[in-house]
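The values are calculated or read from the model by the stated rules, or taken from the named source; none is laboratory data. Just so you know, these numbers come straight off a predicted model, no measurement behind them. Here the Cβ is made from the backbone with ideal geometry for all residues, glycine too, and neighbour counts use every protein chain on show. Note: accessible area is taken over every heavy atom of the protein model, side chains too, but ligands, DNA and RNA are not part of it. Shrake-Rupley method; radii C 1.70, N 1.55, O 1.52, S 1.80 Å.
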Amino acid sequence: MRNADMILRSDNIFTGRDHSCIAGFVALSGNQILAVGAGGGTEYMNEDTIVYELGNQVICPGFVDVHCFFTGWLLTTAGPDLQACTTESSVLSELSSYSAGLRPGDTLLARGLKPDFSGLTQEKLDEVFPDHPVILFHENGESCYMNSSAEEVYQFTPETCWSESYWRLLRYLLNKREFSVPGFKNYMNMMNSRGITSVKEMGFDDFYGFTDVLKELEEQDELTLRVHFMSQPVGAPMDLEHGRRMRSHFHSPFLRFSGYNQMTDGSISQLEGEMKEPYLHTHTCCKKDIDWETLKADAIAADAEGFRFSLHAQGDGAIGKTVDIFALCKKDEKGRLVNRHAITDLECSDPADLERMGQLGIIAEVYPQIMSLADRESKVSMIRETIGSARGKNYWNRRKMADSGIVISCGTDLPLLYDDIPESVYHSTGARFPEGGEPFNPENALTPGELLEAWTRGGQYNLGQEEMLGTLEAGKTADIAVLDGDLFHTPLENIRDISVSMTIVDGRIVYKK
(Lines give C-alpha, C1' and ligand atoms only; values in the text may rest on other atoms or scores of the structure.)
Protein backbone atom coordinates (compact mmCIF):
# COMPACT_ATOMS: atom_id res chain seq x y z
CA MET A 1 0.00 0.00 0.00
CA ARG A 2 1.30 3.44 -0.98
CA ASN A 3 1.71 6.04 1.73
CA ALA A 4 0.02 9.41 1.47
CA ASP A 5 1.97 12.64 1.26
CA MET A 6 -1.06 14.52 2.58
CA ILE A 7 -4.36 13.64 4.22
CA LEU A 8 -7.31 16.02 4.51
CA ARG A 9 -9.92 15.12 7.14
CA SER A 10 -13.36 16.66 7.38
CA ASP A 11 -16.94 16.00 8.38
CA ASN A 12 -18.00 17.42 5.00
CA ILE A 13 -16.40 15.89 1.92
CA PHE A 14 -18.26 16.63 -1.31
CA THR A 15 -16.95 13.97 -3.68
CA GLY A 16 -19.13 15.10 -6.59
CA ARG A 17 -20.43 11.58 -7.15
CA ASP A 18 -23.76 12.64 -5.63
CA HIS A 19 -25.19 15.80 -4.07
CA SER A 20 -24.37 15.10 -0.42
CA CYS A 21 -21.27 15.02 1.79
CA ILE A 22 -19.50 12.25 3.68
CA ALA A 23 -17.37 12.40 6.81
CA GLY A 24 -13.89 11.01 6.40
CA PHE A 25 -10.61 11.66 4.61
CA VAL A 26 -8.99 12.37 1.26
CA ALA A 27 -5.47 10.96 0.90
CA LEU A 28 -3.08 12.37 -1.70
CA SER A 29 0.09 10.87 -3.13
CA GLY A 30 2.05 13.00 -5.55
CA ASN A 31 -0.46 14.64 -7.89
CA GLN A 32 -3.08 11.92 -7.48
CA ILE A 33 -5.88 11.10 -5.10
CA LEU A 34 -4.83 7.91 -3.36
CA ALA A 35 -8.04 7.18 -1.48
CA VAL A 36 -11.29 8.74 -0.29
CA GLY A 37 -13.37 7.20 2.46
CA ALA A 38 -14.77 7.09 5.97
CA GLY A 39 -12.51 7.16 8.98
CA GLY A 40 -9.16 8.87 9.37
CA GLY A 41 -7.14 7.21 6.63
CA THR A 42 -4.50 6.08 9.10
CA GLU A 43 -3.73 3.02 6.98
CA TYR A 44 -2.24 5.39 4.37
CA MET A 45 -0.03 7.27 6.83
CA ASN A 46 3.63 7.14 7.75
CA GLU A 47 5.84 9.51 9.74
CA ASP A 48 6.13 11.90 6.77
CA THR A 49 2.43 12.25 6.01
CA ILE A 50 1.04 15.77 6.57
CA VAL A 51 -2.46 15.73 8.06
CA TYR A 52 -4.95 18.61 7.92
CA GLU A 53 -7.80 18.43 10.44
CA LEU A 54 -10.51 20.55 8.81
CA GLY A 55 -13.50 20.00 11.09
CA ASN A 56 -16.72 20.89 9.27
CA GLN A 57 -15.00 22.66 6.35
CA VAL A 58 -16.22 21.44 2.97
CA ILE A 59 -13.64 19.63 0.83
CA CYS A 60 -14.59 19.78 -2.87
CA PRO A 61 -13.07 19.01 -6.23
CA GLY A 62 -11.42 22.14 -7.64
CA PHE A 63 -13.82 24.71 -9.05
CA VAL A 64 -14.03 25.50 -12.77
CA ASP A 65 -14.88 28.86 -14.37
CA VAL A 66 -15.97 28.13 -17.93
CA HIS A 67 -16.29 31.73 -19.16
CA CYS A 68 -13.76 34.34 -18.08
CA PHE A 69 -11.48 36.98 -19.60
CA PHE A 70 -7.95 37.50 -18.32
CA THR A 71 -7.66 40.36 -20.79
CA GLY A 72 -10.61 42.12 -19.21
CA TRP A 73 -9.13 41.65 -15.76
CA LEU A 74 -5.76 42.93 -17.02
CA LEU A 75 -7.40 46.22 -17.98
CA THR A 76 -8.63 46.61 -14.39
CA THR A 77 -5.00 46.75 -13.23
CA ALA A 78 -3.59 49.00 -15.99
CA GLY A 79 -2.38 52.47 -15.05
CA PRO A 80 -3.26 54.65 -12.07
CA ASP A 81 -6.54 54.30 -10.20
CA LEU A 82 -8.52 57.55 -10.54
CA GLN A 83 -11.28 56.57 -8.14
CA ALA A 84 -10.44 59.36 -5.70
CA CYS A 85 -10.25 62.04 -8.41
CA THR A 86 -13.30 64.30 -8.53
CA THR A 87 -12.08 67.25 -10.61
CA GLU A 88 -10.36 67.78 -13.94
CA SER A 89 -7.28 69.19 -12.23
CA SER A 90 -6.92 66.19 -9.90
CA VAL A 91 -7.21 63.78 -12.85
CA LEU A 92 -4.62 65.68 -14.91
CA SER A 93 -2.27 65.91 -11.95
CA GLU A 94 -2.45 62.14 -11.35
CA LEU A 95 -1.95 61.39 -15.04
CA SER A 96 0.96 63.82 -15.40
CA SER A 97 2.81 62.16 -12.52
CA TYR A 98 2.24 58.73 -14.01
CA SER A 99 3.16 59.71 -17.57
CA ALA A 100 6.60 60.85 -16.43
CA GLY A 101 7.59 57.17 -16.36
CA LEU A 102 6.37 56.43 -19.89
CA ARG A 103 8.27 56.58 -23.15
CA PRO A 104 7.04 58.76 -26.02
CA GLY A 105 4.34 56.89 -27.90
CA ASP A 106 3.43 54.64 -24.97
CA THR A 107 -0.29 54.45 -24.29
CA LEU A 108 -1.42 56.17 -21.11
CA LEU A 109 -4.16 54.09 -19.51
CA ALA A 110 -6.01 54.83 -16.31
CA ARG A 111 -9.07 53.39 -14.59
CA GLY A 112 -11.65 53.85 -11.89
CA LEU A 113 -13.32 57.13 -12.80
CA LYS A 114 -16.67 57.43 -11.04
CA PRO A 115 -19.68 57.06 -13.38
CA ASP A 116 -20.83 60.62 -12.61
CA PHE A 117 -17.43 62.18 -13.28
CA SER A 118 -17.62 64.86 -15.99
CA GLY A 119 -15.83 67.98 -17.15
CA LEU A 120 -12.85 66.49 -18.96
CA THR A 121 -12.65 67.18 -22.69
CA GLN A 122 -10.81 65.48 -25.53
CA GLU A 123 -9.25 68.82 -26.44
CA LYS A 124 -7.73 69.09 -22.98
CA LEU A 125 -6.29 65.57 -23.16
CA ASP A 126 -4.84 66.38 -26.60
CA GLU A 127 -3.26 69.54 -25.23
CA VAL A 128 -1.73 68.04 -22.08
CA PHE A 129 -0.63 64.68 -23.55
CA PRO A 130 0.42 65.23 -27.17
CA ASP A 131 2.95 62.35 -27.06
CA HIS A 132 0.63 59.58 -25.83
CA PRO A 133 -2.62 57.89 -26.78
CA VAL A 134 -4.77 58.37 -23.64
CA ILE A 135 -7.69 56.20 -22.49
CA LEU A 136 -9.34 56.75 -19.10
CA PHE A 137 -11.88 54.09 -18.17
CA HIS A 138 -14.81 54.63 -15.86
CA GLU A 139 -15.03 52.04 -13.10
CA ASN A 140 -17.65 50.06 -15.02
CA GLY A 141 -15.10 49.48 -17.81
CA GLU A 142 -17.74 50.21 -20.44
CA SER A 143 -17.27 53.96 -20.89
CA CYS A 144 -14.17 56.11 -21.14
CA TYR A 145 -12.46 59.34 -22.08
CA MET A 146 -10.01 59.29 -25.00
CA ASN A 147 -7.76 61.74 -26.74
CA SER A 148 -7.59 62.00 -30.55
CA SER A 149 -4.42 59.92 -30.74
CA ALA A 150 -6.05 56.99 -28.93
CA GLU A 151 -9.04 57.06 -31.27
CA GLU A 152 -6.71 57.01 -34.26
CA VAL A 153 -4.49 54.20 -32.96
CA TYR A 154 -7.16 51.91 -31.51
CA GLN A 155 -10.08 52.76 -33.80
CA PHE A 156 -12.89 52.97 -31.29
CA THR A 157 -14.55 55.90 -29.55
CA PRO A 158 -16.05 56.61 -26.13
CA GLU A 159 -19.42 55.80 -27.70
CA THR A 160 -18.21 52.31 -28.76
CA CYS A 161 -16.20 51.53 -25.63
CA TRP A 162 -16.87 47.84 -25.09
CA SER A 163 -14.54 44.87 -25.13
CA GLU A 164 -15.17 43.68 -28.69
CA SER A 165 -14.33 47.19 -29.93
CA TYR A 166 -11.03 47.63 -28.16
CA TRP A 167 -9.35 44.42 -29.29
CA ARG A 168 -6.39 46.42 -30.66
CA LEU A 169 -5.80 47.80 -27.18
CA LEU A 170 -5.83 44.29 -25.72
CA ARG A 171 -3.27 43.20 -28.33
CA TYR A 172 -1.06 46.13 -27.22
CA LEU A 173 -1.35 45.16 -23.55
CA LEU A 174 -0.71 41.45 -24.06
CA ASN A 175 2.43 42.20 -26.03
CA LYS A 176 3.83 44.37 -23.23
CA ARG A 177 5.27 41.32 -21.50
CA GLU A 178 6.70 43.30 -18.60
CA PHE A 179 3.06 44.01 -17.74
CA SER A 180 1.07 41.03 -19.04
CA VAL A 181 3.25 38.21 -17.64
CA PRO A 182 3.26 39.43 -14.01
CA GLY A 183 -0.39 40.27 -14.58
CA PHE A 184 -1.22 36.69 -15.51
CA LYS A 185 0.64 35.37 -12.47
CA ASN A 186 -1.39 37.68 -10.26
CA TYR A 187 -4.53 36.54 -12.06
CA MET A 188 -3.73 32.90 -11.33
CA ASN A 189 -3.09 33.72 -7.66
CA MET A 190 -6.40 35.57 -7.45
CA MET A 191 -8.29 32.70 -9.06
CA ASN A 192 -6.58 30.12 -6.82
CA SER A 193 -7.56 32.14 -3.75
CA ARG A 194 -11.17 31.63 -4.85
CA GLY A 195 -10.77 27.86 -5.27
CA ILE A 196 -10.55 27.98 -9.07
CA THR A 197 -8.27 25.31 -10.50
CA SER A 198 -9.38 25.26 -14.19
CA VAL A 199 -10.68 27.94 -16.55
CA LYS A 200 -12.07 28.19 -20.06
CA GLU A 201 -10.38 31.42 -21.03
CA MET A 202 -11.78 33.61 -23.79
CA GLY A 203 -9.08 35.08 -26.03
CA PHE A 204 -9.92 37.36 -28.93
CA ASP A 205 -8.82 36.13 -32.37
CA ASP A 206 -5.44 34.36 -31.97
CA PHE A 207 -4.96 35.65 -28.39
CA TYR A 208 -2.38 37.99 -29.93
CA GLY A 209 0.55 35.68 -29.24
CA PHE A 210 -0.17 35.24 -25.53
CA THR A 211 -0.35 31.47 -26.01
CA ASP A 212 3.46 31.57 -26.28
CA VAL A 213 3.58 33.11 -22.81
CA LEU A 214 1.29 30.40 -21.45
CA LYS A 215 3.54 27.73 -22.96
CA GLU A 216 6.63 29.30 -21.38
CA LEU A 217 4.93 29.40 -17.99
CA GLU A 218 3.99 25.75 -18.36
CA GLU A 219 7.56 24.78 -19.28
CA GLN A 220 8.80 26.70 -16.23
CA ASP A 221 6.28 24.83 -14.05
CA GLU A 222 4.63 28.12 -13.10
CA LEU A 223 1.05 27.42 -14.16
CA THR A 224 -1.19 26.99 -11.11
CA LEU A 225 -4.34 27.11 -13.22
CA ARG A 226 -5.38 24.71 -15.98
CA VAL A 227 -6.07 26.94 -18.98
CA HIS A 228 -8.41 25.87 -21.78
CA PHE A 229 -8.36 28.83 -24.13
CA MET A 230 -10.96 29.63 -26.78
CA SER A 231 -10.72 31.85 -29.83
CA GLN A 232 -13.40 34.53 -30.03
CA PRO A 233 -13.22 36.05 -33.55
CA VAL A 234 -13.44 39.84 -33.20
CA GLY A 235 -10.81 41.57 -35.34
CA ALA A 236 -10.96 38.94 -38.09
CA PRO A 237 -13.27 36.09 -39.19
CA MET A 238 -13.02 32.67 -37.57
CA ASP A 239 -9.69 31.07 -38.50
CA LEU A 240 -9.89 27.28 -38.63
CA GLU A 241 -6.23 26.94 -39.59
CA HIS A 242 -5.31 28.77 -36.38
CA GLY A 243 -7.46 26.28 -34.48
CA ARG A 244 -5.71 23.35 -36.11
CA ARG A 245 -2.31 24.75 -35.12
CA MET A 246 -3.45 25.39 -31.56
CA ARG A 247 -4.97 21.94 -31.21
CA SER A 248 -1.78 20.28 -32.39
CA HIS A 249 0.45 22.34 -30.08
CA PHE A 250 -1.67 22.63 -26.93
CA HIS A 251 -3.09 19.41 -25.51
CA SER A 252 -1.35 18.96 -22.16
CA PRO A 253 -3.05 18.60 -18.75
CA PHE A 254 -2.42 22.31 -18.05
CA LEU A 255 -2.80 23.94 -21.44
CA ARG A 256 -5.34 23.12 -24.14
CA PHE A 257 -7.09 24.73 -27.07
CA SER A 258 -10.83 24.48 -26.43
CA GLY A 259 -12.49 25.75 -29.63
CA TYR A 260 -14.41 28.90 -30.58
CA ASN A 261 -16.74 31.34 -28.86
CA GLN A 262 -19.11 33.93 -30.30
CA MET A 263 -21.69 36.45 -29.07
CA THR A 264 -25.25 36.49 -30.38
CA ASP A 265 -27.66 38.92 -28.73
CA GLY A 266 -27.22 41.49 -25.95
CA SER A 267 -28.93 42.66 -22.79
CA ILE A 268 -32.67 42.30 -22.33
CA SER A 269 -32.69 45.52 -20.28
CA GLN A 270 -31.50 47.40 -23.40
CA LEU A 271 -33.94 45.53 -25.68
CA GLU A 272 -30.93 43.85 -27.33
CA GLY A 273 -31.70 40.37 -26.06
CA GLU A 274 -33.51 38.56 -28.88
CA MET A 275 -36.96 37.44 -27.75
CA LYS A 276 -39.42 35.14 -29.51
CA GLU A 277 -42.20 37.69 -29.10
CA PRO A 278 -41.83 41.50 -29.27
CA TYR A 279 -40.92 43.55 -26.24
CA LEU A 280 -43.86 45.22 -24.55
CA HIS A 281 -44.94 48.54 -26.11
CA THR A 282 -42.67 47.96 -29.14
CA HIS A 283 -42.76 46.05 -32.41
CA THR A 284 -39.24 44.69 -32.06
CA CYS A 285 -37.97 41.37 -30.77
CA CYS A 286 -34.39 42.72 -30.69
CA LYS A 287 -32.83 46.13 -31.35
CA LYS A 288 -29.55 44.48 -32.27
CA ASP A 289 -28.78 43.27 -35.79
CA ILE A 290 -27.48 39.70 -35.43
CA ASP A 291 -25.79 37.91 -38.32
CA TRP A 292 -27.31 34.49 -37.68
CA GLU A 293 -26.24 33.10 -41.05
CA THR A 294 -22.55 33.69 -40.34
CA LEU A 295 -22.91 32.28 -36.81
CA LYS A 296 -24.55 29.17 -38.26
CA ALA A 297 -21.90 28.77 -40.95
CA ASP A 298 -19.07 29.19 -38.41
CA ALA A 299 -20.57 26.74 -35.93
CA ILE A 300 -21.13 24.06 -38.58
CA ALA A 301 -17.66 24.56 -40.07
CA ALA A 302 -16.02 24.31 -36.63
CA ASP A 303 -18.09 21.23 -35.78
CA ALA A 304 -17.03 19.53 -39.02
CA GLU A 305 -13.38 19.98 -37.94
CA GLY A 306 -14.08 18.46 -34.53
CA PHE A 307 -13.93 21.78 -32.67
CA ARG A 308 -16.39 22.69 -29.97
CA PHE A 309 -18.32 25.96 -30.19
CA SER A 310 -20.01 28.09 -27.55
CA LEU A 311 -22.57 30.78 -28.31
CA HIS A 312 -23.56 33.47 -25.82
CA ALA A 313 -27.35 33.96 -25.81
CA GLN A 314 -29.61 35.81 -23.33
CA GLY A 315 -33.13 36.07 -24.78
CA ASP A 316 -35.42 33.11 -25.48
CA GLY A 317 -35.34 33.89 -29.20
CA ALA A 318 -31.54 33.83 -29.34
CA ILE A 319 -31.42 30.66 -27.24
CA GLY A 320 -33.93 28.97 -29.55
CA LYS A 321 -32.00 29.92 -32.68
CA THR A 322 -28.75 28.72 -31.09
CA VAL A 323 -30.32 25.34 -30.34
CA ASP A 324 -31.45 25.25 -33.99
CA ILE A 325 -27.85 25.84 -35.11
CA PHE A 326 -26.41 23.12 -32.91
CA ALA A 327 -29.14 20.72 -34.04
CA LEU A 328 -27.49 20.85 -37.48
CA CYS A 329 -24.14 19.61 -36.11
CA LYS A 330 -22.81 16.05 -36.08
CA LYS A 331 -24.72 13.60 -33.86
CA ASP A 332 -24.10 10.09 -32.59
CA GLU A 333 -26.42 7.12 -33.00
CA LYS A 334 -28.50 8.35 -30.04
CA GLY A 335 -29.08 11.75 -31.64
CA ARG A 336 -26.75 13.59 -29.26
CA LEU A 337 -24.05 16.01 -30.38
CA VAL A 338 -20.64 14.51 -31.01
CA ASN A 339 -18.80 17.70 -30.00
CA ARG A 340 -19.49 19.42 -26.69
CA HIS A 341 -21.12 22.63 -27.82
CA ALA A 342 -22.45 25.04 -25.21
CA ILE A 343 -24.76 27.99 -24.69
CA THR A 344 -23.56 30.71 -22.33
CA ASP A 345 -25.70 32.91 -20.04
CA LEU A 346 -29.26 31.64 -20.81
CA GLU A 347 -30.88 34.52 -18.94
CA CYS A 348 -34.49 34.07 -20.08
CA SER A 349 -35.21 30.76 -21.78
CA ASP A 350 -38.17 28.92 -23.24
CA PRO A 351 -38.59 25.66 -21.24
CA ALA A 352 -39.20 23.79 -24.53
CA ASP A 353 -35.73 24.83 -25.74
CA LEU A 354 -34.18 23.61 -22.50
CA GLU A 355 -35.73 20.21 -23.15
CA ARG A 356 -34.20 20.27 -26.64
CA MET A 357 -30.83 21.15 -25.13
CA GLY A 358 -31.04 18.13 -22.86
CA GLN A 359 -31.98 15.83 -25.73
CA LEU A 360 -29.11 17.08 -27.92
CA GLY A 361 -26.52 17.16 -25.13
CA ILE A 362 -25.88 20.93 -25.34
CA ILE A 363 -24.02 22.15 -22.25
CA ALA A 364 -25.30 25.12 -20.24
CA GLU A 365 -22.80 27.74 -19.05
CA VAL A 366 -24.69 29.78 -16.45
CA TYR A 367 -23.70 32.79 -14.34
CA PRO A 368 -24.78 31.71 -10.84
CA GLN A 369 -23.77 35.05 -9.24
CA ILE A 370 -25.58 37.25 -11.76
CA MET A 371 -28.26 38.31 -9.25
CA SER A 372 -25.54 40.05 -7.23
CA LEU A 373 -25.45 42.84 -9.84
CA ALA A 374 -28.95 44.18 -9.20
CA ASP A 375 -31.43 44.87 -6.46
CA ARG A 376 -34.82 43.21 -6.52
CA GLU A 377 -36.88 46.33 -7.18
CA SER A 378 -34.93 47.52 -10.20
CA LYS A 379 -34.55 44.08 -11.79
CA VAL A 380 -38.14 43.01 -11.32
CA SER A 381 -39.33 46.40 -12.59
CA MET A 382 -37.15 46.04 -15.69
CA ILE A 383 -38.55 42.57 -16.39
CA ARG A 384 -42.13 43.70 -15.85
CA GLU A 385 -41.73 46.72 -18.13
CA THR A 386 -39.81 45.05 -20.98
CA ILE A 387 -41.19 41.50 -21.32
CA GLY A 388 -43.87 41.20 -18.63
CA SER A 389 -44.15 39.03 -15.54
CA ALA A 390 -45.41 35.96 -17.42
CA ARG A 391 -42.23 35.69 -19.50
CA GLY A 392 -40.25 36.77 -16.43
CA LYS A 393 -41.11 33.39 -14.88
CA ASN A 394 -38.55 31.91 -17.28
CA TYR A 395 -35.67 33.99 -15.87
CA TRP A 396 -32.64 32.00 -14.64
CA ASN A 397 -34.45 28.66 -14.95
CA ARG A 398 -31.66 26.35 -13.78
CA ARG A 399 -34.22 23.93 -12.27
CA LYS A 400 -35.63 23.15 -15.71
CA MET A 401 -32.09 22.72 -17.04
CA ALA A 402 -31.28 20.12 -14.40
CA ASP A 403 -34.63 18.36 -14.81
CA SER A 404 -34.07 18.24 -18.59
CA GLY A 405 -30.78 16.38 -18.18
CA ILE A 406 -28.58 19.31 -19.23
CA VAL A 407 -25.02 19.30 -17.95
CA ILE A 408 -24.73 22.64 -16.13
CA SER A 409 -21.41 24.42 -15.70
CA CYS A 410 -20.58 27.79 -14.15
CA GLY A 411 -18.94 30.97 -15.44
CA THR A 412 -18.56 34.56 -14.35
CA ASP A 413 -17.76 36.58 -17.49
CA LEU A 414 -14.95 37.87 -15.26
CA PRO A 415 -14.32 40.77 -14.74
CA LEU A 416 -18.10 41.24 -14.84
CA LEU A 417 -18.21 39.00 -11.75
CA TYR A 418 -15.49 37.48 -9.59
CA ASP A 419 -15.70 33.83 -8.61
CA ASP A 420 -17.30 33.44 -5.18
CA ILE A 421 -18.84 30.02 -4.68
CA PRO A 422 -20.64 30.81 -1.38
CA GLU A 423 -22.13 33.93 -2.99
CA SER A 424 -23.31 31.79 -5.90
CA VAL A 425 -25.03 29.44 -3.44
CA TYR A 426 -26.80 32.41 -1.87
CA HIS A 427 -28.13 33.64 -5.21
CA SER A 428 -28.67 30.46 -7.25
CA THR A 429 -30.04 28.19 -4.54
CA GLY A 430 -31.62 30.86 -2.33
CA ALA A 431 -32.94 32.85 -5.34
CA ARG A 432 -32.18 36.08 -3.45
CA PHE A 433 -31.02 39.46 -4.60
CA PRO A 434 -28.15 40.98 -2.56
CA GLU A 435 -30.43 42.65 -0.02
CA GLY A 436 -32.23 39.40 0.79
CA GLY A 437 -35.94 39.34 1.38
CA GLU A 438 -38.44 37.51 -0.80
CA PRO A 439 -36.89 35.02 -3.23
CA PHE A 440 -37.30 35.60 -6.97
CA ASN A 441 -38.53 32.62 -9.02
CA PRO A 442 -37.53 30.15 -6.26
CA GLU A 443 -39.06 27.33 -8.32
CA ASN A 444 -36.19 27.85 -10.81
CA ALA A 445 -33.39 27.35 -8.26
CA LEU A 446 -30.91 24.51 -7.85
CA THR A 447 -30.00 22.74 -4.62
CA PRO A 448 -26.55 23.44 -3.05
CA GLY A 449 -25.38 19.98 -4.11
CA GLU A 450 -26.49 20.51 -7.69
CA LEU A 451 -24.73 23.87 -7.83
CA LEU A 452 -21.49 22.46 -6.42
CA GLU A 453 -21.68 19.71 -9.03
CA ALA A 454 -22.00 22.40 -11.73
CA TRP A 455 -18.92 24.22 -10.39
CA THR A 456 -16.88 20.99 -10.35
CA ARG A 457 -17.94 17.92 -12.30
CA GLY A 458 -20.06 19.92 -14.75
CA GLY A 459 -17.19 22.28 -15.47
CA GLN A 460 -14.76 19.46 -16.13
CA TYR A 461 -17.28 17.72 -18.39
CA ASN A 462 -17.52 21.00 -20.31
CA LEU A 463 -13.74 20.94 -20.75
CA GLY A 464 -13.64 17.25 -21.64
CA GLN A 465 -11.62 16.38 -18.54
CA GLU A 466 -14.17 14.48 -16.46
CA GLU A 467 -12.12 11.26 -16.60
CA MET A 468 -9.20 13.00 -14.88
CA LEU A 469 -10.86 15.73 -12.79
CA GLY A 470 -14.15 16.95 -11.35
CA THR A 471 -14.76 14.38 -8.60
CA LEU A 472 -12.84 13.15 -5.57
CA GLU A 473 -12.04 9.53 -6.37
CA ALA A 474 -9.00 7.31 -6.11
CA GLY A 475 -6.85 7.60 -9.22
CA LYS A 476 -8.03 11.06 -10.23
CA THR A 477 -5.76 14.10 -10.30
CA ALA A 478 -5.64 16.05 -7.05
CA ASP A 479 -7.27 19.40 -7.79
CA ILE A 480 -9.11 20.33 -4.59
CA ALA A 481 -10.77 23.37 -3.01
CA VAL A 482 -11.61 23.70 0.68
CA LEU A 483 -14.29 26.09 1.98
CA ASP A 484 -13.96 27.26 5.58
CA GLY A 485 -17.62 26.71 6.46
CA ASP A 486 -20.48 24.27 5.96
CA LEU A 487 -22.34 25.29 2.80
CA PHE A 488 -25.03 22.71 3.45
CA HIS A 489 -26.13 23.73 6.96
CA THR A 490 -25.13 27.39 7.37
CA PRO A 491 -28.18 29.72 7.37
CA LEU A 492 -28.60 31.36 3.99
CA GLU A 493 -28.16 34.88 5.39
CA ASN A 494 -24.68 33.90 6.66
CA ILE A 495 -23.49 31.80 3.75
CA ARG A 496 -21.69 34.68 2.01
CA ASP A 497 -19.31 34.87 5.01
CA ILE A 498 -17.77 31.53 3.98
CA SER A 499 -14.58 31.67 1.92
CA VAL A 500 -11.89 29.42 0.46
CA SER A 501 -9.30 28.27 2.98
CA MET A 502 -7.12 26.07 0.77
CA THR A 503 -6.63 25.27 -2.91
CA ILE A 504 -4.63 22.34 -4.25
CA VAL A 505 -3.66 22.02 -7.91
CA ASP A 506 -1.93 18.88 -9.21
CA GLY A 507 -1.29 17.76 -5.63
CA ARG A 508 0.39 21.03 -4.58
CA ILE A 509 -1.04 23.62 -2.23
CA VAL A 510 -1.22 26.81 -4.30
CA TYR A 511 -3.30 28.85 -1.84
CA LYS A 512 -3.70 28.66 1.92
CA LYS A 513 -5.68 31.19 3.95
Of all beta bridges DSSP finds with both residues in the chain, what is the antiparallel percent, to the nearest 5?
40 percent
How much of the pair distance distribution for region 378-513 lies past 26 Å, counting alpha-carbon pairs only, in percent?
30 percent
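Calculate, for ALA352 and HIS251, the FRET efficiency according to 1/(1 + (r/R0)^6) with r their C-beta to C-beta distance and R0 35 Å; round to the nearest 0.05. Working shown, then result.
Values: r = 37 Å, r/R0 = 1.07.
The computed FRET efficiency comes out at 0.40.
Can you give the net charge of the other residues whose Cβ lies under 10 Å from the Cβ of ALA4, counting K and R as +1 and D and E as -1? Could you put the intermediate results ahead of the total?
Details: positive: ARG2; negative: ASP5, GLU43, ASP48.
That works out to -2.
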Solvent exposure of the chain as accessible area per residue, Å², 1.4 Å probe
39 Å²
Backbone N within region 12-55 under 12 Å of label point (7 Å from ASN3 Cα along the Cβ vector)
44-50
Viscosity 1.002 mPa s, temperature 20 °C: give me the Stokes-Einstein translational D for region 1-44 in µm²/s, with Rh taken as the Kirkwood radius over C-alpha pairs.
203 µm²/s
Where the Cα pairs of region 299-401 fall when distances are cut into 10 Å bins, in %:
15, 45, 27, 12, 2
Can you tell me the length gained on complete extension of the stretch ASP497 to MET468, counting 0.36 nm per residue apart and subtracting the Cα distance?
7.3 nm
Distance (nanometres) between label positions extended 7 Å along Cα→Cβ at GLU385 and LEU240:
4.7 nm
Quick one: divide the alpha-carbon radius of gyration of region 469-513 by 2.2 N^0.38 Å and tell me what you get.
1.35
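Please report the projected area of region 209-275's Cα convex hull averaged over all directions, in nm².
Numbers: hull surface 25.6 nm².
Mean orientational projected area (region 209-275, Cα hull): 6.4 nm².
When a/c is below 1.5 the answer is rounded, else prolate if a/b is larger than b/c, else oblate, so apply that to region 103-238 with a ≥ b ≥ c taken from the square roots of the Cα gyration tensor eigenvalues.
Details: a/c = 2.00, a/b = 1.85, b/c = 1.08.
Here region 103-238 falls in the prolate category.
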Label-point separation (nm) for ASN46 and GLU123, each offset 7 Å from Cα along Cα-to-Cβ?
7.9 nm
Which percent of the accessible heavy-atom area of region 314-387 goes to carbon and sulfur, probe 1.4 angstrom?
47 percent
Quick check: pseudo-label points 7 Å beyond the Cα along Cα→Cβ at SER378 and HIS489, how many nm apart are they?
3.8 nm
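Residue separation times 0.36 nm, minus the C-alpha to C-alpha distance between ASN175 and ASP81: what's the value? Could the numbers behind the result be given before it?
Details: separation 94, 0.36 × 94 = 33.84 nm, distance 2.19 nm.
Length gained between ASN175 and ASP81: 31.7 nm.
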Lys and Arg at +1, Asp and Glu at -1: add these up for the other residues within a Cβ distance under 12 Å of MET45 and post the number.
-2
How compact and how long is region 174-287, expressed as Rg and Dmax of its alpha-carbon atoms in Å?
18.1, 59
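Please figure out what share of the DSSP beta bridges in region 70-171 is antiparallel and state it in percent, rounded to the nearest 5.
Working: 3 of 8 bridges.
Taking every DSSP beta bridge with both residues in region 70-171, the antiparallel ones total about 40 percent.
So if I place +1 on the C-beta of Lys and Arg and -1 on the C-beta of Asp and Glu, and nothing else carries charge, what would the dipole magnitude of the chain be about its Cα centre? I want it in debye, nearest 20.
Details: 47 positive and 77 negative charges, 195 e Å.
In total the dipole reaches around 940 debye.
Return the carbon/sulfur percentage of the accessible area of region 121-185, one whole number, probe 1.4 Å, all protein chains in place.
Working: 1500 of 3100 Å².
With neighbouring chains kept in place, the figure for region 121-185 is 49 percent.
Translational diffusion coefficient, Stokes-Einstein: compute it for region 1-80 using the Kirkwood radius over C-alpha pairs as Rh, at 25 °C and 0.890 mPa s, and state it as an integer in µm² s⁻¹.
This corresponds to a translational diffusion coefficient of 168 µm²/s.
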What are the trypsin sites (Lys or Arg not before Pro) within region 1-68 that DSSP puts in a loop, where the Cβ has at most 12 other Cβ atoms within 10 Å?
ARG2
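How big is the shadow of the Cα convex hull of region 1-154, averaged over all directions, in nm²?
Details: hull surface 60.0 nm².
Mean projected area for region 1-154: 15.0 nm², to one decimal.
Taking the inverse of the average 1/r across all pairs of different Cα atoms in region 36-95, what Kirkwood radius in Å do you get?
Working: mean 1/r = 0.0565 Å⁻¹.
By the Kirkwood definition, the hydrodynamic radius is 17.7 Å.
Of all the C-alpha pairs in region 308-354, what % are more than 16 Å from each other?
Numbers: 392 of 1081 pairs.
More than 16 Å apart: 36 percent of the Cα pairs in region 308-354.
Classify region 366-438 from the C-alpha gyration tensor, please: rounded if a/c falls under 1.5, else prolate or oblate depending on whether a/b exceeds b/c. Each step should come with its number before you reach the end.
Values: a/c = 1.72, a/b = 1.16, b/c = 1.49.
Here region 366-438 falls in the oblate category.
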Report the full-extension gain for the segment SER267 to ALA297: residue separation times 0.36 nm, less the Cα-Cα distance, to one decimal in nm.
8.4 nm
In percent, what relative contact order does region 367-513 have, based on Cα pairs under 8 Å that are 6 or more apart in sequence?
22 percent
Binned Cα-Cα distances of the chain, short to long, each 10 Å bin given as a whole percent
4, 18, 27, 27, 17, 6, 1, 0
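Evaluate E = 1/(1 + (r/R0)^6) for ARG103 and GLU219, where r is the Cβ-Cβ distance and R0 equals 22 Å; express this FRET efficiency to the nearest 0.05.
On the way: r = 30 Å, r/R0 = 1.38.
Efficiency, from the Cβ-Cβ distance: 0.15.
May I ask you to derive the relative contact order of the chain, considering only C-alpha pairs under 8 Å and at least 6 residues apart, and to give it as an integer percent?
Values: 1094 pairs, mean separation 92.2, N = 513.
It rounds to 18 percent for the chain.
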